[in-house]
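Written below as structure tokens is the structure these notes are about.
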Amino acid sequence: MASFFLLLALIASLSPIIAAAGNFYRDVDVSWGDGRGKILNNGQLLTLSLDKTSGSGFQTKNEYLFGNFDMQIKLVPGNSAGTVTAYYLSSQGPTHDEIDFEFLGNLSGDPYILHTNVFTQGKGNREQQFYLWFDPRADFHTYSVLWNPKQIIISVDGTPIRVFNNRESIGLPYPKNQPMRLYSSLWDAEDWATRGGLVKTDWTKAPFTASFKNFNANACVVASGSSSCKSSSSNNAWMYQEMDSASMKKLRWVQKNYMIYNYCTDVKRFPQGLPPECSAN
């Protein structure tokens, strides 16, 4: 507990670097896909495409240690079965930390599944899955991660769907030391993505395309082991943000009506007992 308060005291002297919204030329590198990832409209739009040969992906130029991240995404329209659009923060190495959105495609007319996971020190297995209360193929929607020393809040259009709390006080690891980049990719996962792999990718519908705009990172950038945060700014309210009663009400609404899988209730998967953060939360 003492280390947690020491961390808060350190962060109190920091302010984030605020990235102006939405210029992909400045903010990201298209990291793979041999031309299938494209930056368009003077940096205001990015598209990722998938065909039978390859998918594509991008990553932020910067690494971050805590931040509030927003991206507007329009998912693959029509029959997207077998495809996965991933949007996540991750560090590197065998003990990496990671905060995941994965959108699992489906047949036309059937809902996408939003698959979320949190890795700490290389350990994941914390899946929660949701249907969405809108069609994510029809228009852009905002997908957000707020990551501060106390909790991780995953939100859709400003509505929290998942919270992962810092429980270091009872010996559970929490992502706080490893800088992370933001990544996104569109790739083929027909062996598992749709109905456990029963529905395969229909390659006659290729190329599949997902679109991105309005990336915003209100965050502390880390380079060469040092934070670029400066002192004496009021722009870091997110660093101390917690769920209030209105946010908790929205979270409960989503989890009651749209959650379709929660590892914290899967007693068959964990016959020796549910993970300790489940009871802590």
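Roughly speaking, what is the centre-to-centre gap between region 39-105 and region 136-215 when only Cα atoms are used, to the nearest Å?
8
Quote to one decimal, in nm, the extra length available between Ser226 and Asn23 on full extension: 0.36 nm per residue of separation minus the C-alpha distance between them.
Additional length available on full extension: 70.6 nm.
How far apart, in nanometres, would the label points at Asn125 and Ile260 be if each is projected 7 angstrom from Cα along the Cα-to-Cβ direction?
Inter-label distance under the simple model: 2.4 nm.
For a quick check, take a GNM of the chain with Cα springs below 10 Å and name the residue from Asp27, Asp100, Asp110 with the largest mean-square fluctuation.
Asp110
Take the chain, connect every pair of alpha-carbon atoms lying under 10 Å apart with a spring to form a Gaussian network, then pick out the residue of Phe134, Phe103, Phe208 with the largest mean-square fluctuation.
Residue with maximal mean-square fluctuation among Phe134, Phe103, Phe208: Phe134.
How many percent of the accessible area of the chain is carbon or sulfur, using a 1.4 Å probe?
With neighbouring chains kept in place, the figure for the chain is 51 percent.
Determine which lysines satisfy two conditions relative to Lys61: a Cα distance under 23 Å, and not lying fewer than 8 residues away in the same chain.
Result set, ordered by chain and number: Lys38, Lys74, Lys176, Lys213, Lys230.
Less than 19 Å apart at the alpha-carbon level, and either on another chain or at least 8 residues along: which aspartates and glutamates does that give for Lys268?
Glu127, Glu277
The values are calculated or read from the model by the stated rules, or taken from the named source; none is laboratory data. All values derive from a computational prediction rather than experimental measurement. Glycine also receives a Cβ, built like all others from the backbone with ideal geometry; neighbour counts cover every protein chain displayed. With ligands, DNA and RNA removed, areas are computed over all heavy atoms of the protein, side chains included. Shrake-Rupley method; radii C 1.70, N 1.55, O 1.52, S 1.80 Å.
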